[in-house]
Amino acid sequence: MIEVQELTKHYGLKRAVDGISFTANDGEILGFLGPNGAGKSTTMNMLTGYISSTSGKALIDGVDILEDPIKAKKNIGYLPEIPPLYVDMTVKEYLNFIYDLKKCKLPRVSHLNDVCSLVKIDHVYNRVIKNLSKGYRQRVGLAQALVGNPPVLILDEPTVGLDPKQIIEIRTLIKKLGKNHTVILSSHILSEVQAVCDRIVVISEGKIVANATEHDLSDRLTGAHILSAQIEGDYETVAKAVLNIEGVEVCKQINERDGVIEYRIECETGTDIRRELFFAMSKIGCPIMELKNSELSLEEIFIRLTKGSDIKEEQ
Amino acid sequence: MGAVFRREVLSYFTSPIGYIFLAAFYAFSAFFFASSSLQAGSTDMSSMFESLMLLLVVLIPILTMRTMSEDKKTKTDQCLLTAPVSLGGIVAGKFFAALLVYTCAVAVTVVYAIIVSGYAAVDWLVIAGNVVGLELFGASFVAVGIFCSSLTENQVVAAVTSFISTLALTMLSLVSNLVNWEPLQKLLATLSFYDRYAGFTYGMFDLSNVLFFVSAIAVFLFFTVRVLEKRRWA
Ligand SMILES: Nc1ncnc2c1ncn2[C@@H]1O[C@H](COP(=O)(O)OP(=O)(O)OP(=O)(O)O)[C@@H](O)[C@H]1O
Ligand SMILES: [Mg+2]
């Protein structure tokens, strides 16, 4: 479990991280989302004891990282923004070095083999890291974090530089690891945190803008249930029929193509009008070509949330 | 500490640094040995040791310049500093690795002594004194070099600052002769690396001199740890 209380880091006058608090429970994957310079890496560096905080506390499994660093660090696997690789070593030498450095007790050969097959670097095991491509270096960096099987994993943009197939594989891997590890990962890719994380902490300019489950977050922001529907037929007739359905607040045209109009239908929170919509449309003889939930994507949420904080900042 | 030590030793011999250092040391020492002992037909090797000692000012910075600075530059310090090891252990690992390479270099002087002993009787006590003195003197320079390397992420800057620092430390005794104020003169003479070293060259193993070098090493390694510690707070 990771507990962060009012963690702050000042670089001179610059507040890179400004009093953030959150908790990541056991077996939870926590996503750290924020634009460039938000303070994601700085926070992770403080959590792992690479840099110390100006004030505030970070507890890893109840151990303060500044008070008992060695004990706390034993439980952490850290993949920094730039994988900390000794490029003049082979993957094998490097992972063995990390194994020794972490004073790992697991059986050496079989454990390292497991780690390598997890991140799929078996076939480059004897190559010099200098000669590996960026994606493979990233994977070796991830392998390095997994050595010793620490219960807490802190991954700073783990999928940067990987190809789409690998991204999916690594995400699946992280999800799998999340079952028995506490994972914190950072990213600016919204779909990634959306796909992988149970809980999302949105951070901007060193402050937490939102801390909620992915689902809650979109609910909280939209307030209303929003549908996007493509319906064939005359706009007037359709719009009138839609607005007649109980709970519908807004119905507006978004797009038109070959007589099929795309509508955005906003209803009261907690109402589901999809069935009523179907019967209403069939009554007036206007077929529904496509119907989908159009909750705010994290993209939109993100822009809204960070915009909000920008305005606050300026005041 | 063990892991860092092994990695450092390995890296001295996968990068050219270790070879350059050893090759330079062996070449120069062979030259000094040939010109002072073999050619002069003398069993007195002190002039070779004297020259080697002066050479260390140039060679040790080459050996130590990348110890700390490279980690900082390539961010590999992130894996060292977030691993469950103490800062002292990391610094000690790096120190002993450099010391091992340096010891390999110094060991060649024993070979020369054996060569000389084939021709005539040698004063083993004096030779042992010289070897131990050279080892301790160089070890303290290694500590100074590691400290200088921790101050920057640029290897060249690290090499230049350790060159200047070790040169200054060697010259302390010369400086002490110049000042008139007695307390300062005494202080400088006490701190003079050269004077401490000179004792060994007569085959005298003065415990206070051994302790002087050992504590100089401890002090500079401690400073290095402080630098690493302080960087986290920056
Ligand atoms: N050593 C440093 N000295 C001064 N300022 C720093 C230092 N490190 C980071 N900062 C500042 O702190 C802020 C947060 O940086 P951080 O690297 O944590 O951002 P990030 O969220 O990881 O961004 P990115 O998505 O680009 O990785 C930035 O404004 C950065 O300029
Ligand atoms: Mg970052």
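The values are calculated or read from the model by the stated rules, or taken from the named source; none is laboratory data. Fair warning: this is a prediction, and the values are worked out from it, not measured in the lab. A quick note on method: Cβ atoms are made from the backbone with ideal geometry, for glycine too, and the neighbour counts reach across all protein chains shown. What goes into the accessible areas is simple: the full protein's heavy atoms, side chains included, and nothing from ligands, DNA or RNA. Shrake-Rupley method; radii C 1.70, N 1.55, O 1.52, S 1.80 Å.
Could you work out the relative contact order of chain B? I mean the mean sequence separation of Cα pairs under 8 Å and 6+ apart, divided by the number of residues, in percent. It would help to have the intermediate numbers written out before the result.
Values: 278 pairs, mean separation 60.1, N = 234.
Result for chain B is 26 percent.
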Query raised in the report: Quick one: if you stick a label point 7 Å off each Cα along the C-beta vector at B:SER15 and B:GLN185, how many nm between them?
Result: 4.5
Report summary line: Contact-by-burial set, the range A:85-123, min loss 50 Å², accessible area of protein heavy atoms with 1.4 Å probe, reference chain alone, gives A:TYR86, A:ASP88, A:PHE97, A:LEU101
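Taking a probe of 1.4 Å, how large is the accessible area per residue of the range A:224-294, in Å²? Kindly include the intermediate steps, with their values, before the conclusion.
On the way: 4320 Å² over 71 residues.
For the range A:224-294, the per-residue accessible area is 61 Å².
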Query - Those lysines that a straight Cα-Cα span of less than 19 Å connects to A:LYS176, excepting residues fewer than 8 apart in one chain - result: A:LYS120, A:LYS165
Requested in this report: Any chance you could check the Cα centroid distance between the range A:33-96 and the range A:143-207 for me, in angstrom?
Outcome: 14
Query raised in the report: Expressed as a rounded percentage, what relative contact order does the range A:1-152 have, with Cα pairs under 8 Å and six or more residues apart?
Result: 23
Query raised in the report: Which listed residue (B:TYR112, B:ASN209, B:PHE96) has the Cα farthest towards the positive end of the charge dipole for the protein assembly as shown, taking +1 on Lys and Arg C-beta and -1 on Asp and Glu C-beta about the Cα centre?
Result: B:TYR112
Query raised in the report: To the nearest 10 degrees, how steep is helix A:298-314 against the longest Cα principal axis of chain A, on a 0 to 90 scale?
Result: 80
Report summary line: Row for the range A:34-117, column shape: gyration tensor on C-alpha, a ≥ b ≥ c, rounded if a/c < 1.5 i.e. under 1.5, prolate if a/b over b/c, else oblate; value oblate
Query raised in the report: With point charges of +1 on the Cβ of Lys and Arg and -1 on the Cβ of Asp and Glu, referenced to the Cα centre of the protein assembly as shown, which listed residue (A:ILE231, A:PRO35, B:ILE127) lies farthest in the positive direction of the dipole?
Result: B:ILE127
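Taking only protein heavy atoms and a 1.4 Å probe, what accessible area per residue, in Å², does the range A:2-220 have with all protein chains in place? Intermediate values should be presented prior to the final figure.
Working: 8820 Å² over 219 residues.
Averaged over the residues of the range A:2-220, the accessible area is 40 Å².
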Query raised in the report: Which value at 222 nm does chain B reach when only helices count, each DSSP H run of 4 or more adding -39,500 (n - 2.57), with the total divided by all residues and rounded to the nearest 500 deg cm²/dmol?
Result: -27500 deg cm²/dmol
Query raised in the report: Against the longest principal axis of chain A, how steep is helix A:164-178, in degrees 0 to 90 to the nearest 10, with axes from Cα atoms?
Result: 80
Report task. Using only Cα atoms, locate the centre of the range A:106-126 and the centre of the range B:186-205, then give the distance between them in Å, rounded to an integer. Result -> 53
Query raised in the report: For helix A:274-283, what angle does its Cα long axis make with the longest principal axis of chain A, in degrees from 0 to 90 and rounded to 10?
Result: 30
Report task. Find, among the trypsin sites (Lys or Arg not before Pro) in the range A:165-214, those assigned to loop by DSSP (not H, G, I, E, B) with at most 13 other beta-carbon atoms within 10 angstrom. Result -> A:LYS179
Query - Point-charge dipole on Cβ atoms (K/R +1, D/E -1) for chain B, about Cα centre, debye to 20 - result: 880
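Would you mind giving the average projected area, over all directions, of the Cα convex hull of chain A in nm² with one decimal? Could you put the intermediate results ahead of the total?
Working: hull surface 81.9 nm².
Taking the Cα atoms of chain A, their convex hull projects to 20.5 nm² on average.
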Requested in this report: Output the antiparallel fraction of DSSP beta bridges having both residues in the protein assembly as shown, as a percent to the nearest 5.
Outcome: 70
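Could you work out the longest stretch of chain A that avoids the GluC sites (Glu not before Pro) located in DSSP loops with at most 14 other Cβ atoms within 10 Å?
On the way: sites that count: A:GLU67, A:GLU246, A:GLU268.
In chain A, the maximal stretch lacking such sites is A:68-245.
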Report task. Sorted from largest down, give the three principal axis spans of the alpha carbons of the protein assembly as shown, whole angstrom values. Result -> 119, 55, 40
Report task. Using DSSP, restrict attention to beta bridges with both residues in the range A:2-220 and report what percent are antiparallel, rounded to the nearest 5. Result -> 55
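Once A and B are treated as a pair rather than alone, how much accessible area drops out, both sides summed, in Å² to 100, probe 1.4 Å? All intermediate terms of the calculation are to be shown ahead of the outcome.
Values: alone 16030 and 11480 Å², together 25000 Å².
Chains A and B together bury roughly 2500 Å² of accessible area.
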Requested in this report: Could you give the size of the charge dipole of chain A about its Cα centre, using +1 on the Cβ of each K and R and -1 on the Cβ of each D and E, expressed in debye and rounded to the nearest 20?
Outcome: 1580
Query - Hull shadow area, averaged, the range A:1-147 [alpha-carbon convex hull, nm²] - result: 9.6
Query raised in the report: How much mean residue ellipticity at 222 nm does chain A get from its helices, if each DSSP H run of length 4 or more adds -39500 (n - 2.57) and you divide by all residues, to the nearest 500 deg cm²/dmol?
Result: -11000 deg cm²/dmol
Report summary line: The Kirkwood hydrodynamic radius of chain B, taken as the inverse of the mean 1/r over all distinct Cα pairs, in Å, comes to 18.6
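What is the magnitude of the charge dipole of the range B:162-234 about its Cα centre, with +1 placed on the Cβ of each Lys and Arg, -1 on the Cβ of each Asp and Glu, and no other charges, expressed in debye to the nearest 20?
Numbers: 6 positive and 4 negative charges, 87 e Å.
Magnitude of the dipole: close to 420 debye.
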Query raised in the report: Using the Cα atoms of the range B:1-139 to build a convex hull, what is its mean projected area in square nanometres?
Result: 8.8
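Pick out the long, greasy-scoring helices in chain B: whole DSSP H runs spanning 30 Å or more along their own axis by Cα, mean Kyte-Doolittle at least 1.0.
Details: long enough: B:87-117 (45 Å, 2.04); B:124-150 (39 Å, 1.70); B:155-178 (34 Å, 1.59); B:207-233 (39 Å, 1.14).
Membrane-span-like by this criterion, though nothing is claimed about a membrane: B:87-117, B:124-150, B:155-178, B:207-233.
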Query - Volume per residue that the Cα convex hull of the range A:158-258 spans, once the total is divided by residue count, Å³ - result: 185
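How much of the accessible area of the protein assembly as shown, in percent, comes from carbon and sulfur atoms when a 1.4 Å probe is used? Could the numbers behind the result be given before it?
Working: 14890 of 25000 Å².
Here carbon and sulfur together make up 60 percent of the probe-accessible area.
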